[in-house]
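**Q** One structure is given below, represented as structure tokens, and several questions about it will come after.
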Amino acid sequence: MSRPNKYQLAFFKWRRRQSNNRIMPFVLSVVVGLIVGLSAILIKTIIFYIEQYVVFFAPKILYFLLPLNGFLLVTFLNRNVFSKTAYFSGARDVIKAIENHSSIIRLRLVYTKFVTTGLTIGFGGSSGVEAAIISSGAAVGSNVGRFLGLGYRLRTLLIGCGVAAGISAVYNAPMGGFIFALETILPEFTPTLLIPLLVAAAAGKILFEFIMGEHLRFEVLLTDFAYEQIPLVILLGILGTLMSNYLLRTYSYCARYLSRITNAYARALVGGLALGSIIYLFPTMYGEGYVSINALLNNEERALFVNSPFAALPKTVWFNLLFFFLVTLVKPISTGICVNSGGEGGYFAPSIITGGLLGFLFYKVVILIYPGSPINLATYMFLGMASVFACIMNAPVTAIFLVAEITQSYQLFVPLMLVCAVSYFLKYYSENLSRTVVKPEGQSKALRVDRILLNQLNIKQLVEKDKSPVQENATFRQVVESFAKSNKDVQQVLDDQGMLKGIITLNDFRQRLGDISNYDTILAKDLMHPPEAVVEMDESAATVLDKFDTYKLWSLPVVRKGKFKGFISKSRLLTQYRKELTRVNRFF
């Protein structure tokens, strides 16, 4: 382990002077929230100016070529400048970093995703900024923890604070960011998580609003919800499940089809031209799509026909329904093409936009069947957003609060709860009923908690050091004497520099014990064999346990850069894990 620098030493001294250890996470959550708030301001500014200048300078007839330019630029950057972070794609990789990499995330992720996501969306890519802000927020939290020399638990807490602050700032939804971090990123709820996450979410939102001004994604007046409409809400929840299934299948198909194009620039070319063609037919697919949703909320349906070839066709009721049905179906296709052909971004915003389009289409059909029905357009668009988002992000509670905050529709809490409950239950039921349904990647919450608990164990403290190693040129007699002095059934064989060359187990020489004549002629290097697996000192405990289970072993050698440090036993690892499992405050 490297020696702490002067800043870490100063932090450790300040920490020791605090009589209450809970003050330190509170202070750090404010710091992380403010830094991530600045990050959110930066990414929104990048996207705004790229969109402004690109649209201003490019002739309208060439708009369909803009996504191609964005994809080629992002592909070039990811292959030549940001190659070490190109694989990182938001919440999924944040969770993997927490589970498998001791909550260590590369520092450059603080800014790299800003650039690539800004170029993607600025040039018309149909994705969302949340993958970038989640990656950046997590990287800020992780690296603040690493800079101050904090352990795994506090680094994980600060990652959650960074994610909460990012979602809070970008969507003007502090409760949505707070619950998203709890529901998706962090392992489980504990009372000690409340204050740091809430403070980080509030800090990010306040700073963003102070500099950028107050803004709402969707601002529209709502009428009171009548409980006679509950059957319609249930029906919309069912449709939300079907739509989310369609989204997942579409994304999966786009990923499979585009992955067949092995050359990255050729893939960007194909994807850019495909998305450009879609934008030519449906200009509303340009960018994130919030402008189109606001237009529909304000009864400006004509705005979606502007610059579209369909604008010249007669606007009958059935034609309009068909057009908006196609727009709803095409949005997931445009997002799947964008994310899988070289562009950057997430599925967070597209699920909200698609849900809003579904709610609009549902409203139009209901009005067509029951003219004069006293239902509100905005209500069903907001319910559609929550329904699809809950299923796509596997976060029904986040969906309720996020939609309520970004739409200021707090009076819709009951229908929001109902539509999310219906859609998410049906999604969960169908996934367990059918093997053909595309399931989201990642482990269950229970398995994630298990791995994170394991990762809180310190491998260095579990290593059993052996001060009587066997040298390569040791005789069989010396090997037998070494085993006689040890309580283990395995011995390490080292060279003069202490590097591990192999191991010897009792089974390697059991049959030779009776032949005394060979005791001084056979050497240790003749008996040893390479270990089936080796543990590095900085490996996570979860990875070590996976090696024990994979190779059916009860003891593994531990090394640091090839130099032997001792053995770790499975029994000792599991004993320590059981102690951690029964601790009152298992997390943070």
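**Q** Pairs of alpha-carbon atoms within less than 8 angstrom and 6+ residues apart define the contacts here; what relative contact order does the stretch 6-212 have, in percent?
**A** About 29 percent, as a whole number.
**Q** Say R0 is 60 Å: what FRET efficiency, to the nearest 0.05, do R572 and Y280 get from their beta-carbon distance?
**A** 0.40
**Q** Shape of the stretch 227-439 from its Cα gyration tensor (a ≥ b ≥ c, root eigenvalues): rounded if a/c is under 1.5, otherwise prolate when a/b > b/c, or oblate?
**A** Oblate, since a/c reaches 1.5 and b/c is not below a/b.
**Q** Also, I was wondering about something else. Please order V365, V470, V479, V220 by the number of other Cβ within 10 Å, starting at the fewest.
**A** Exposure proxy ranking, most exposed first: V365, V220, V479, V470.
**Q** Check Q471: other-chain or 5+ apart residues with amide H under 5 Å from its amide H, H built from backbone geometry?
**A** Under 5 Å from the amide H of Q471 lie the amide H atoms of L494, each far enough along the sequence or on another chain.
**Q** Just subtract the alpha-carbon distance of L321 and Y87 from 0.36 nm times their residue separation and send over the number in nm, one decimal.
**A** 80.3 nm
**Q** Still on this structure, please answer the following. What number, in percent, do you get for the relative contact order of the stretch 252-401 if the mean sequence gap of Cα pairs under 8 Å and at least 6 apart is divided by its residue count?
**A** That works out to 24 percent.
**Q** What order do you get for 37-48, 342-353 when each peptide is scored by the mean count of other beta carbon atoms within 10 Å, highest first?
**A** 342-353, 37-48
**Q** So who's got an amide H within less than 5 Å of the one on S103, skipping anything under 5 residues away but keeping other chains? H placed 1.01 Å off N, in plane.
**A** Here the answer is I98, since their amide H atoms fall under 5 Å of that of S103.
**Q** For the stretch 477-542, state the average projected area of the convex hull of the C-alpha atoms over all orientations, rounded to one decimal in nm².
**A** 5.7
**Q** For a label point 7 Å from the Cα of L107 along Cα→C-beta, name the residues of the stretch 64-83 whose backbone N is under 20 Å from it.
**A** Inside the label zone: 81-83.
**Q** Given an 8 Å cut-off on Cα distances and at least 6 residues of separation, report the relative contact order of the chain as a percent.
**A** About 15 percent, as a whole number.
**Q** Follow-up. List, in order, the whole-Hz ³J(HN,Hα) value for each residue of the stretch 252-268 obtained from phi through the Karplus relation with A = 6.51, B = -1.76, C = 1.60 and θ = phi - 60°; use x for Gly and Pro.
**A** Using θ = phi - 60°, the values come out as 5, 5, 4, 5, 5, 5, 6, 5, 5, 8, 6, 7, 5, 6, 5, 5, 5 Hz.
**Q** Further question: In whole angstrom, how far apart do the alpha carbon centroids of the stretch 119-149 and the stretch 396-427 sit?
**A** 26
**Q** Assuming a viscosity of 1.306 mPa s and a temperature of 10 °C, what translational diffusion coefficient in µm² per second does Stokes-Einstein assign to the chain, Rh being the Kirkwood radius over Cα pairs?
**A** 60
**Q** Give me, ordered by chain and number, the residues 5 or more places off G566 or on other chains with an amide H under 5 Å from its own placed amide H.
**A** V558
**Q** Taking only DSSP H segments of four or more residues, each worth -39500 (n - 2.57), what value at 222 nm results for the chain once the sum is divided by all its residues, to the nearest 500 deg cm²/dmol?
**A** Theoretical 222 nm ellipticity from helices: -20000 deg cm²/dmol.
**Q** Which value in Å is the Kirkwood Rh of the stretch 6-212 over different Cα pairs?
**A** Here the Kirkwood hydrodynamic radius works out to 17.5 Å.
**Q** Here's something else I'd like to know. Subtracting the Cα-Cα distance from 0.36 nm times the residue separation, let me have the gained length for L329 to F26 in nm, one decimal.
**A** 104.6 nm
Throughout, read-outs are computed from the coordinates displayed, never taken from laboratory work. Keep in mind the model is a prediction, meaning the values are calculated, not measured. Counting neighbours? That spans all protein chains shown, and the Cβs are built from the backbone with ideal geometry, glycine included.
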